[in-house]
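The values are calculated or read from the model by the stated rules, or taken from the named source; none is laboratory data. Note that the structure is a prediction, hence the values are computed from the model and not measured. Note: ideal-geometry Cβ built from the backbone for every residue, glycine included; neighbour counts use all protein chains shown.
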Amino acid sequence: MIKVHDLTKHFGAKRAVDGISFAVERGEVLGFLGPNGAGKSTTMRMITGFIAPTSGSVTIGGFDMLENPIPAKKLVGYLPENAPAYTDMTVHGFLNFAAEIRGLRGDAKARAVHRAVEMCFLDSVLHQSVDTLSKGYRHRTCFAQSIIHDPDILVLDEPTDGLDPNQKHEVRQLIRKMGEKKAIIFSTHILEEVDAACSRAIIIDRGKIVANGTPSELRRKSEWAGAVTLRLNGVAPDTAREKLNRLRSTKKVTTESNGAHLIVTVFPRTAGDGDLTREVIAATNGWQIEELRTEDGRLDDVFRSITMPDTRN
Ligand SMILES: Nc1ncnc2c1ncn2[C@@H]1O[C@H](COP(=O)(O)OP(=O)(O)OP(=O)(O)O)[C@@H](O)[C@H]1O
Ligand SMILES: [Mg+2]
């Protein structure tokens, strides 16, 4: 549904997007992650045809965005960053307008507006003007605009930004549900959204893709993948460290006292190595273990280890 090939955007001397290629199929929700200034919004603006690339191509449902923009754009719903909307319109007026410019008329338009209002919980503000809405409601109004024509493809730039925790949850559920039938790309800074809504995630940094995989594939790149955490009673930190450091699969051991307990984490030499858990269980035979847990890996750790703070702006 979405095919991006060697996409590049220069702003003067600045390379905001630097040779990105990827594809998104129907039934996929792709999470777009990366530090501030990484090039996420710029990539999304090119995918939706809002700005032209310096080089490279975007194909939407088989239509080239530069050569065939109208059929390509018909397939796409777009929630831009910062949720722009016409501030002097009411929510109802704005959504009617959005439906009209998507070519909907009469009953079809009324049904489309009604559906979007229900999905985005806008009933209570329908006749309020956009400039008097709270940030979250304004965001939801713009989100409603992006789904008004029930498009096959959705490009959502930080769709949960500024929403309260309940609404964040609702929007993630909605994205996941819609993703069963559509192709969706959404950007976020909230790493737990990757687990909550994405089938795959791409991390970009300085305009380039630095990781591309399912949430569990990405998590396995973390030094926490396969780490074993123990909560122990009556074991001295030195004893724990000495014994567990000697295991064949151990990379390092950390200890931390927590009241009467000792929390020990044993990191594997090879991330995701399942042998470590067996070795730890054998080595701790006779110790008083309150809890033993093997970690899946941590996305925030992967994110930090493969991206660098932005220094260009
Ligand atoms: N119109 C423009 N003119 C000049 N530079 C721009 C323009 N738009 C974006 N940039 C620059 O391109 C780079 C990428 O910006 P972009 O908005 O795509 O980042 P982002 O990944 O969306 O960041 P954030 O997480 O902060 O939203 C930044 O260095 C930004 O300053
Ligand atoms: Mg952005």
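Consider Met89 carefully, then state whether it is aliphatic (A, V, I, L, M), assigned by TED's automatic domain parsing to the domain that holds Thr141 and surrounded by fewer than 18 Cβ atoms within 10 Å (Cβ to Cβ). First the steps, then the outcome.
Numbers: aliphatic (A, V, I, L, M): yes; assigned by TED's automatic domain parsing to the domain that holds Thr141: yes; surrounded by fewer than 18 Cβ atoms within 10 Å (Cβ to Cβ): yes.
So Met89 fits the description; yes.
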- Unique residue being assigned by TED's automatic domain parsing to the domain that holds Ile147 and within 16 Å of ligand 2 (Cβ to nearest atom) when the list is Ala13, Ala83, Ala52: Ala83
- Message: For a quick check of your reading: which strands (runs of 3 or more DSSP E) sit entirely within segment 237-313 and have at least 3 residues that are surrounded by fewer than 14 Cβ atoms within 10 Å (Cβ to Cβ)?
- Response: 250-258, 288-294
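Can you tell me which residue in segment 1-52 is nearest to ligand 1 (Cβ to nearest atom), limited to those that are acidic (Asp, Glu) and not in a loop (DSSP other than H, G, I, E, B)?
We begin by selecting, within segment 1-52, every residue acidic (Asp, Glu); these are 6, 18, 25, 28.
Imposing the further condition that a residue be not in a loop (DSSP other than H, G, I, E, B) reduces the set to 6, 18.
Numbers: Asp6: 17, Asp18: 10 Å.
If we take residues in segment 1-52 being acidic (Asp, Glu) and not in a loop (DSSP other than H, G, I, E, B), then Asp18 is nearest to ligand 1 (Cβ to nearest atom).
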- Task: Check off (1) within 16 Å of Val302 (Cβ to Cβ); (2) outside the structural domain of Ala16 (by TED's automatic domain parsing) for Val210 and give me the number that stays unchecked.
- Result: (2)
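Do you know which of the residues in segment 155-164 that are closer than 17 Å to Gly31 by Cβ and within 16 Å of ligand 2 (Cβ to nearest atom) is surrounded by the fewest Cβ atoms within 10 Å (Cβ to Cβ)? Walk me through how you get there before you give the answer.
From segment 155-164, those closer than 17 Å to Gly31 by Cβ are 155-161, 163; that's our starting set.
Okay, now just the ones that are also within 16 Å of ligand 2 (Cβ to nearest atom), so 155-161.
Values: Val155: 28, Leu156: 26, Asp157: 23, Glu158: 23, Pro159: 27, Thr160: 25, Asp161: 18.
Out of the qualifying residues, it is Asp161.
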- Flag for Thr87 being at negative phi, within 16 Å of ligand 1 (Cβ to nearest atom) and among the β-branched types (Val, Ile, Thr): no
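Limited to segment 68-104, what total is found for residues that are assigned to a loop (DSSP other than H, G, I, E, B) and within 14 Å of Asp131 (Cα to Cα)?
Our first condition is that a residue be assigned to a loop (DSSP other than H, G, I, E, B); within segment 68-104, this holds for 68, 75, 80-89, 102-104.
Restricting the remaining residues to those that are within 14 Å of Asp131 (Cα to Cα) gives 82-89.
The qualifying residues number 8.
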